[in-house]
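Report on the following structure.
The values are calculated or read from the model by the stated rules, or taken from the named source; none is laboratory data. On a predicted model such as this, the values are computed, not experimentally measured, just so you know. Quick reminder, even Gly has a Cβ in these numbers, built from the backbone with ideal geometry, and neighbours come from all protein chains shown.
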Number of protein chains: 2
Amino acid sequence: MEQRLTIITLGVSNMDVAADFYENKLGWKRHGNSMGDIVFFQLNGIQLALYPVQELAKDATVPADGEGFKGFTLAQNLRSEKEVDELISTLKGKGVKVVKEPEKAFWGGYSSYIQDPEGNLWEIAYNPHLPLDEKGSVIG
Amino acid sequence: MEQRLTIITLGVSNMDVAADFYENKLGWKRHGNSMGDIVFFQLNGIQLALYPVQELAKDATVPADGEGFKGFTLAQNLRSEKEVDELISTLKGKGVKVVKEPEKAFWGGYSSYIQDPEGNLWEIAYNPHLPLDEKGSVIG
């Protein structure tokens with residue numbers, strides 16, 4: 001199996017609130033393929049999708065019930081500690097929930113966490129050991 | 001906030017089994033930054049990480065308890081229905097759990113689901129509406 005990914009789909013319980021977060025708090029633009037109850041965002045070579053959690057479970061033919069920690073996190077790495085501080089400050093000003101304020105991490109970086117309205121965790125970090133290209137993708 | 005992602009981290013309860021799945025069932029190579037209890041895989045401009053679920057929750061300062069549907073799926077799109085059939089057949093031969101056999105999808109594509117040992121769902125699909133570049137990234 002090729003070592004790549006195409007789409008991350010987040011199951012949402014309230015599409016309007018979730019879409020508002022990604023479009024108006026993070027400032028992302030939805031992709032033209034979005035329709036009905038699915039919203040796509042074009043990221044760096046992959047897409048992030050929002051889809052009703054009941055429908056997502058049904059599509060995968062698994063029970064939709066679930067609670068507590070979802071067992072995964074998403075991360076966006078920035079290019080300096082200053083960028084992390086600035087982004088967290090900007091997001092806080094828009095009412096985004098900051099779960100963990102930026103702090104030095106044991107692995108040598110600088111890390112913080114925000115949460116979307118569905119409880120999905122985004123780490124906003126700077127990692128000096130992980131170089132990014134000019135578009136922000138991981139070089140590798 | 002830039003419209004991009006750097007890392008998806010999956011919290012795992014059994015690192016040996018999870019790493020074996022990605023390395024020996026899917027055939028992926030771990031990234032050189034892997035160390036101790038974290039394993040990285042370089043994908044198309046992003047990385048997938050495996051990290052103990054308790055540590056992941058602790059890092060994000062949230063409770064680690066969780067059960068049932070994790071509320072997200074990952075997807076890898078291939079270039080034809082035939083490729084989907086072939087990959088599912090190959091993975092099945094390696095003992096990978098196929099949750100949903102390939103079938104025509106209502107949105108015009110062809111879709112199946114497999115599950116990693118931690119219960120994470122991977123959709124293996126063909127979507128004629130979502131063109132991929134030669135490296136398999138979404139053109140956008």
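Of the residues making up the stretch B:65-87, those that are of a type outside the set (Asp, Glu), within 16 Å of A:Thr6 (Cβ to Cβ) and surrounded by 15 or more Cβ atoms within 10 Å (Cβ to Cβ) are B:Phe72, B:Thr73, B:Leu74, B:Ala75, B:Gln76, B:Asn77, B:Leu78, B:Val84, B:Leu87. All of (1) surrounded by fewer than 20 Cβ atoms within 10 Å (Cβ to Cβ); (2) modelled with pLDDT of 95 or more; (3) in a loop (DSSP other than H, G, I, E, B) hold for B:Val62 with one exception: (1). From the set of residues in the stretch B:11-31 that are surrounded by fewer than 14 Cβ atoms within 10 Å (Cβ to Cβ) and either at pLDDT below 95 or of a type in the set (Asp, Glu) (or both), which is nearest to A:Trp107 (Cα to Cα)? Result: B:Asp16. Does B:Trp28 qualify as being assigned to a loop (DSSP other than H, G, I, E, B) and of a type in the set (Phe, Trp, Tyr)? Against the criterion (assigned to a loop (DSSP other than H, G, I, E, B) and of a type in the set (Phe, Trp, Tyr)), B:Trp28 qualifies. Under the condition of being more than 7 Å from every other protein chain (Cβ to nearest Cβ), surrounded by 18 or more Cβ atoms within 10 Å (Cβ to Cβ) and under 19 Å from B:Asp116 (Cα atoms), the residues counted in the stretch A:38-59 number 1. Here the stretch B:15-34 is the region considered, the condition is being more than 11 Å from chain A (Cβ to nearest Cβ) and among the acidic types (Asp, Glu), and the residue that is farthest from the chain's Cα centre (by Cα) is B:Asp16.
Of the residues screened, A:Asn77 is one that is among the polar types (S, T, N, Q), at the interface with chain B (Cβ under 8 Å from one of its Cβ atoms), touching a strand residue (DSSP E or B) at 6+ places or on another chain (Cβ under 9 Å) and assigned to a strand (DSSP E or B). Here is the figure for the stretch B:97-133: residues that are assigned to a loop (DSSP other than H, G, I, E, B), at the interface with chain A (Cβ under 9 Å from one of its Cβ atoms) and within 13 Å of the chain's Cα centre (by Cα) total 3.
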